[in-house]
1. By how many nm would the segment from residue 56 to residue 218 grow when fully extended, if each residue of separation counts as 0.36 nm and the alpha-carbon distance is taken off?
2. Starting from the 7 Å offset along Cα-to-Cβ, what nm value, one decimal, do you get for the label separation of residue 383 and residue 110?
3. Quick one: which of 284-291, 234-241, 352-359, 124-131 comes out on top by average Cβ neighbours within 10 Å, and what's the full order, highest first?
4. For the stretch 215-402, calculate the relative contact order in percent as a whole number, restricting contacts to Cα pairs under 8 Å that are 6 or more residues apart.
5. Which of rounded, prolate or oblate describes the stretch 217-321 when judged by the alpha-carbon gyration tensor and an a/c cut-off of 1.5?
6. May I ask you to derive the FRET efficiency for residue 284 and residue 360 from their Cβ-Cβ distance with R0 = 22 Å, giving the value to the nearest 0.05?
7. R0 = 41 Å: FRET efficiency of residue 136 with residue 70, Cβ-based, nearest 0.05?
8. Using the Karplus equation 6.51 cos²θ - 1.76 cosθ + 1.60 (θ = phi - 60°), what ³J(HN,Hα) coupling, rounded to whole Hz, does each residue of the stretch 392-400 give in order, writing x for Gly and Pro?
Amino acid sequence: MRRIPRTKLQPAALILACAAVAGVAVVSGCGGGGGGGTSTGTANVVLADSPSCGYDHVYVTVDHVEISSDGNSWTTIPVSPSLGRIDLLNLSNGALISLGQTPLSAGTYQQVRLVLLANGNAAPWANSVLLAGATAETPLKTPSGQQSGYKIKGPFTVPAGAMADLVLDFNACKSIVVAGASGQYLLKPVVAAIAEQVSGKISGITIANSHVYAEQQSSSGPVVVTGTVADPQTGAFTLWPILQSGAGGMVDVVIVPPSPAAGTAGYATYIVQNVPVTAGAATSIGTLTTLAASTINTVSGGVTVSGSPGAANLVADQTVTATSRTYEIESASTTTGPFSIALAASGPWLGSYSATLPIVFTEDMAGADAGVYSITATDAADTSSTQLANVSAGSASLGFVLAP
């Protein structure tokens, strides 16, 4: 049985830093609207990411970035060819790489496009993945990335005489789709945009290689604002970018420790609720390395996916009855065939943010919560199916049939 890799590739970030510079001529065609006609700024594009998603490497080659106020006229931000292929897995927990700069006039911009270089006819590919344990890369098919580019909608405001950094949060794990039995891997980017001047960070230390997420609640379910993987040596992590509390509301931090083999002892999930975010600052939730033990069991079974590309995403959510909040705990991609997801049998443990550290946690003792997960499978056509799984006393088996 093929097991879905438990590790996840978390969001990459592109930063468009637009610092207004007095006395610089307006760039023709940059399309700044709503600002002074003679005020300009500089766009600096920076790339960041965090590992991993069952891949040893994820390579992308950015040809250029474009920005527009109206979707008609575009300003190009060139990227130096000397950067070559960028391994997203080398960029984690705040590590950045600069892609290029260009002047921009102050105003409001409605759209950004990320354009990738086309793959050649042979390896090394411009855009590719190296599966965990493999020796040869698999090219990523990115048709729109080499033509019109990947479009990210605004609006994004560049104020006169001030810095305006735009962060494009590139969720690479959810953007890589396995194209069924063809063996092809498609890049269909899932990107969110946050202006850095209204964003902040959350930092802390936990068990090395834990997955750490900033999540919020919505009418359609939990929303992962951003995520990372704790440093493999120190356990340190930084969640960024996150909208400041006044603009985006507080967030809950979800810590999912790495899982050992199913049926053995691991750690429970920990959740810090109501964490405030301050623009330009980092909120610390302290050191969380002494975590409660939990048996790790699995939800496994089969998925049948119709159509092309014949792939599906699996998401495991857990509800905390006491606060009526639901959290995404695990996700994976699969094709028609078997799947297996490792999940904690007990917990989660809950704490409420306090500036006085350490944060105090108590186990969620509601009988309907511990070890109970909602598993949702969704295919490329957005056909979905949801089933409950209880792993509190042992592993569970489910089957999904997705048809358009």
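1. Numbers: separation 162, 0.36 × 162 = 58.32 nm, distance 3.32 nm.
Result: 55.0 nm gained on full extension.
2. 3.6 nm
3. Values: 284-291: 17.2, 234-241: 21.5, 352-359: 13.5, 124-131: 19.6.
Ranking the peptides 284-291, 234-241, 352-359, 124-131 by packing returns 234-241, 124-131, 284-291, 352-359.
4. Details: 424 pairs, mean separation 40.7, N = 188.
Once divided by the residue count of the stretch 215-402, the mean separation gives 22 percent.
5. Values: a/c = 2.03, a/b = 1.26, b/c = 1.61.
Oblate.
6. Details: r = 16 Å, r/R0 = 0.71.
Calculated transfer efficiency: 0.90.
7. On the way: r = 44 Å, r/R0 = 1.08.
After rounding to 0.05, the efficiency reads 0.40.
8. Per-residue couplings from phi come out as 5, 10, x, 6, 10, 10, 9, x, 10 Hz.
Every read-out reported here was derived from the displayed coordinates using simple, explicitly stated rules and does not represent laboratory data. Bear in mind that the values here come from a model prediction, so they are computed numbers and not experimental data. Heads up, the Cβs are rebuilt from the backbone with ideal geometry, glycines too, and the neighbour counts pull from every protein chain shown.
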